[in-house]
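Heads up: the structure comes next, in structure tokens.
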Amino acid sequence: MFLNSVVIVLREVLEAAVLVSALLALARTVHLGQRWLWLALPLAAIGVALYASFLAVITDALDGAGQEVLNASLQAGVYLLLLPILVLACSAEGRRQWLTLLMTLAITCAIVRECAEIHIYVRAFAALGEHAAAVWAGSALGMGIGISAGVLVYGALRAVPQRWALPACCATLALIGAGMIMQATMLLEQVDWLPDQAPLWDSSTLLSEQSFVGELLYAVLGYEATPGPLQVSLYVGCLLLAGIALWWGSTGRAKHAVLD
Amino acid sequence: MNSIRRSLVTMLVAAFTLVSFVAALNGYRASMDKAEALLDAQLQYSAEILVGLGASESSGQTLGGGVEGFVFQIWDGEHPVLRSAAAPESPVTAFEEGYRYANFDGFRWRTLTVSMGGQRWGMVAERADVRHTLAESVVLESVIPLLLWLPVAALLIWVLVGWGLAPLRELSAQINRKASDDLAPLDYADPPTELQQVISSTNGLLLRLAAALQREKHFASHAAHELRTPISALKIHLHNLESEVPAGSSALQHANEGIERMHHLVEQLLDLARTQPELITANFHTTDLHTLAQRVTAELWPAFEARQQSLSLQGEPATMQGDETMLAILIRNLLDNARKYTPAGGEITVFAGYRDGTPTLEVADSGPGIPSSERQRVFERFYRVGARAGEDVSGAGLGLAITQHIVQLHGAQVQLADSPLGSGLAVVVRFPNTAVSV
């Protein structure tokens, strides 16, 4: 129970923490400040509370596929929000309020998606009296590792020289976004909304998804040991789309510089 | 994270948490493996006791009672010889020596088969979930304190980082404590390696600054002599020339005006240099602001009278700590400005006394005033307000910059306000109530 708690909580927290860290580092790089985060956190708390309150309705919806479809939608939503964020962050000054709004929404979606899972898991298993200590200790350990890794990712992105800070933040966000689409694909495959396909490769012997590095790569890159052709195609497609968004934003910046 | 301490503590706590938690996780896995091995050894021990008990049994007997989550069986070939009450009638595991896992009675069991010689087999089994929960509860006893003590570790890191940054704080405090005119090198005995370069660079900078200010100081005093002397000589020559040229010569009049302007500019430049807070050491004494204002207005009265301007002084004796020479320059500058920018026949009032309990000087005129948008900029050197600059008023735009210097030197505040006399300007200087230490 302890290990299960660690793995479940770590996987969810790590993903949200890395996304929050990358967005915070990006905000700092484009001199956006961090106040928007204080709006995102209460919004996310409300979202998690609503998710947990309507869990039964959500689970029963869409012939029992409601929860998976909602989670996949939230992850796809985060990716779709990251695209304009990349464009705006790479373009010249201005439209800061839009960037702030999009970042607030992206963090809210990510936290609702990740924390709702944790909330449901902890509430369900902590109710089993004999396992409560193991569940709480495992959750605390998983959360500690996830948040610490997020803080260190933020520190690492902050330590990148000024010249490379923006590309580093944008590249991290592009990878996280593509990873989220990969996970959304897996969820939809689970409920047969997408066809289940034979894996293209199996790298679990090289790097297990359950190892800490595997979890970290899952959070940052969407690492999947046995991905299907659709997952790989979508992952590459999303990365390309993010690359186009970055290029578009950078072109806007260049044009602005010429006009100036 | 603009604070070095906060940033360091956050990163250190994160690194400590990550490493210690991952280590705890590995420790948990290792401890669980060890606990499993211990429980297997205990199972082995139980099996050996069973072998002793069941060696002589020959009929299919069932023993009542027993321990929950533990069953045993003794088989002679395929015939049951002895079994615990909770044990199933069929073999719980294979007839082959060794540990295995098996599923029966709705649970997963850890089983051990031992050979008792011949066709006799002893089988013992423990519920895997009970073993796991037992092992986990023991192992968690060593993990949970790590979680509970994390805040203590974070607090310790906070305190230790604070201690580590103490030399930086001390250096910062030492720089803050320095008076504005104290350009002596920083005195930091045995500085840490990381601060040596900062201290060395700062001291080098202070040294160069002190030398530059000293040069400027020398320039101001030398220039005073070098510039005033030829101007005075020129004035005498022009005075002598008056008797040699026809009366009312416009050339001579222009020359006189030019010399006067140059004299005024030189005096103002010297005042500006003399009043720089970084350059001078003020000589503070108890001074009566009202008496001083009275003296300066009396000195300047003829110039106001020449323009038919009315000049009045109001207020009451106001004692304060100040440099009398500097304060006189300040009052003179404000009065000069008021006189120059107020049209002939206008009105100028001076207030020197207490206002709201603090020593206050106010010079108000009935001139054109200064638009509020430009009021901040008039304190810049050589800045002249657009509307006023076009007027036929001589000046270099240094008067209010000098005023600002003297105000800073006295720790006072200057404010440009609308004049109570109409559209003009009121310059209000509020001095601190207490003695000023510089």
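In table form, for the structure just shown:
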item: Condition check for A:P199: over 18 Å from the mean Cα position of the chain (by Cα) and part of a loop (DSSP other than H, G, I, E, B); result: yes
item: Test set (1) under 20 Å from A:G142 (Cα atoms); (2) modelled with pLDDT under 90 - B:A153 fails condition number; result: (2)
item: A:E114 being more than 14 Å from chain B (Cβ to nearest Cβ), part of a helix (DSSP H, G or I) and charged (D, E, K, R); result: yes
item: All positions within the stretch B:365-377 that are crowded, with 24+ Cβ neighbours inside 10 Å and not in a loop (DSSP other than H, G, I, E, B); result: B:D365
item: Those residues of the stretch B:112-166 which are in a loop (DSSP other than H, G, I, E, B), more than 14 Å from chain A (Cβ to nearest Cβ) and of a type in the set (F, W, Y), in sequence order; result: none
item: Single unsatisfied condition, A:L3 versus (1) more than 21 Å from A:A124 (Cβ to Cβ); (2) at pLDDT below 85; (3) hydrophobic (A, V, I, L, M, F, W, C); result: (1)
item: Residues located in the stretch A:119-142, provided they are surrounded by fewer than 22 Cβ atoms within 10 Å (Cβ to Cβ), out of contact with any Leu (no Cβ under 7 Å at 6 or more places or on another chain), more than 7 Å from chain B (Cβ to nearest Cβ) and assigned to a helix (DSSP H, G or I); result: A:H119, A:Y121, A:V122, A:R123, A:A124, A:F125, A:A126, A:G129, A:H131, A:A132, A:W136
item: Residues satisfying the stated conditions in the stretch B:16-34, i.e. more than 9 Å from chain A (Cβ to nearest Cβ) and of a type outside the set (S, T, N, Q); result: B:A23, B:G27, B:A30, B:D33, B:K34
item: Selection from the stretch B:307-323 of residues that are surrounded by fewer than 17 Cβ atoms within 10 Å (Cβ to Cβ) and among the charged types (D, E, K, R); result: B:R307, B:E316
item: Residue in the stretch A:159-177 that is in contact with a Gly (Cβ under 9 Å, 6 or more places away or on another chain), under 15 Å from A:V20 (Cα atoms), more than 10 Å from every other protein chain (Cβ to nearest Cβ) and among the β-branched types (V, I, T) present; result: yes
item: Residue count, the stretch B:195-208 (criterion: under 25 Å from the mean Cα position of the chain (by Cα) and either aliphatic (A, V, I, L, M) or loosely packed, with under 10 Cβ neighbours inside 10 Å (or both)); result: 5
item: Unique match (being closer than 22 Å to A:L239 by Cα, assigned to a helix (DSSP H, G or I), of a type in the set (A, V, I, L, M, F, W, C) and at pLDDT 85 or above) among A:L39, A:L19; result: A:L19
item: Near pairs, Cβ below 7 angstrom, 6+ apart or cross-chain, from the stretch A:186-199 (closer than 8 Å to A:G228 by Cβ) to any residue that is among the small types (G, A, S) and surrounded by 13 or more Cβ atoms within 10 Å (Cβ to Cβ); result: A:Q197/A:G228; A:A198/A:G228; A:P199/A:G228
item: Cross-chain or 6+ apart pairs with Cβ under 8 Å, the stretch B:30-45 first and under 18 Å from B:V67 (Cβ atoms), then of a type in the set (F, W, Y); result: B:D40/B:Y99; B:L43/B:Y99
item: Options A:L230, A:L175, A:L157, A:L152: the member that is aliphatic (A, V, I, L, M), under 17 Å from A:A110 (Cα atoms), surrounded by 15 or more Cβ atoms within 10 Å (Cβ to Cβ) and in contact with a Leu (Cβ under 9 Å, 6 or more places away or on another chain); result: A:L175
item: Test: residue in the stretch B:160-172 that is surrounded by fewer than 16 Cβ atoms within 10 Å (Cβ to Cβ), within 30 Å of A:G142 (Cβ to Cβ), among the aliphatic types (A, V, I, L, M) and out of contact with any strand residue (DSSP E or B) (no Cβ under 8 Å at 6 or more places or on another chain); result: yes
item: Number of the condition not met by A:G146 [criteria: (1) closer than 20 Å to A:Y223 by Cα; (2) buried (at least 20 other Cβ atoms within 10 Å of the Cβ); (3) over 16 Å from the mean Cα position of the chain (by Cα)]; result: (3)
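The values are calculated or read from the model by the stated rules, or taken from the named source; none is laboratory data. Given the structure is predicted, the values throughout are model-derived calculations rather than measurements. Quick reminder, even Gly has a Cβ in these numbers, built from the backbone with ideal geometry, and neighbours come from all protein chains shown.
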